[in-house]
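Accompanying notes for the structure given below.
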Amino acid sequence: MKELVEFIVKSLVDHPEQVVVTEEIRGEDHQISVNVAPDDMGKVIGKQGRIAKAIRTVVKSAAIKSDIQVSVEIGE
């Protein structure tokens, strides 16, 4: 799942080299944290959080196939 999130986020931002994605696994729960440059924060979140919500939807749909639960946190 980490690779999927990293691919999506790096495709959206102007500074892909500053994208840091970490994954913490606790049993069936996966916590993915995304950190981007301050200038790119708006591109990842989108108007009214629509892009962030879309990223979470895609990742959760992919996680269903692996029978795991994933949550995505976006920060600086």
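The table for this structure:
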quantity: Among residues of region 24-60, those that are assigned to a helix (DSSP H, G or I), among the β-branched types (Val, Ile, Thr) and touching a residue at least 24 places away in the same chain (Cβ under 8 Å), counted; calculated: 6
quantity: Considering residues of region 3-57 that are of a type in the set (A, V, I, L, M) and open to solvent by 70 Å² or more (accessible area, probe 1.4 Å) only, the residue modelled with the lowest pLDDT; calculated: ILE25
quantity: Residue, surrounded by the fewest Cβ atoms within 10 Å (Cβ to Cβ), within region 59-76, restricted to residues that are under 22 Å from GLN18 (Cα atoms) and touching a helix residue (DSSP H, G or I) at 6+ places or on another chain (Cβ under 7 Å); calculated: GLU76
quantity: Condition met for SER71 (at pLDDT below 95, in contact with an Asp or Glu (Cβ under 8 Å, 6 or more places away or on another chain) and of a type in the set (Gly, Ala, Ser)); calculated: yes
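The values are calculated or read from the model by the stated rules, or taken from the named source; none is laboratory data. All values reported here derive from a predicted model rather than from experimental measurement. When we count neighbours, we look across all protein chains shown, and the Cβ atoms used for this are built from the backbone with ideal geometry, even at glycine. These accessible areas exclude ligands, DNA and RNA; they are computed on the full protein's heavy atoms, side chains included. Shrake-Rupley method; radii C 1.70, N 1.55, O 1.52, S 1.80 Å.
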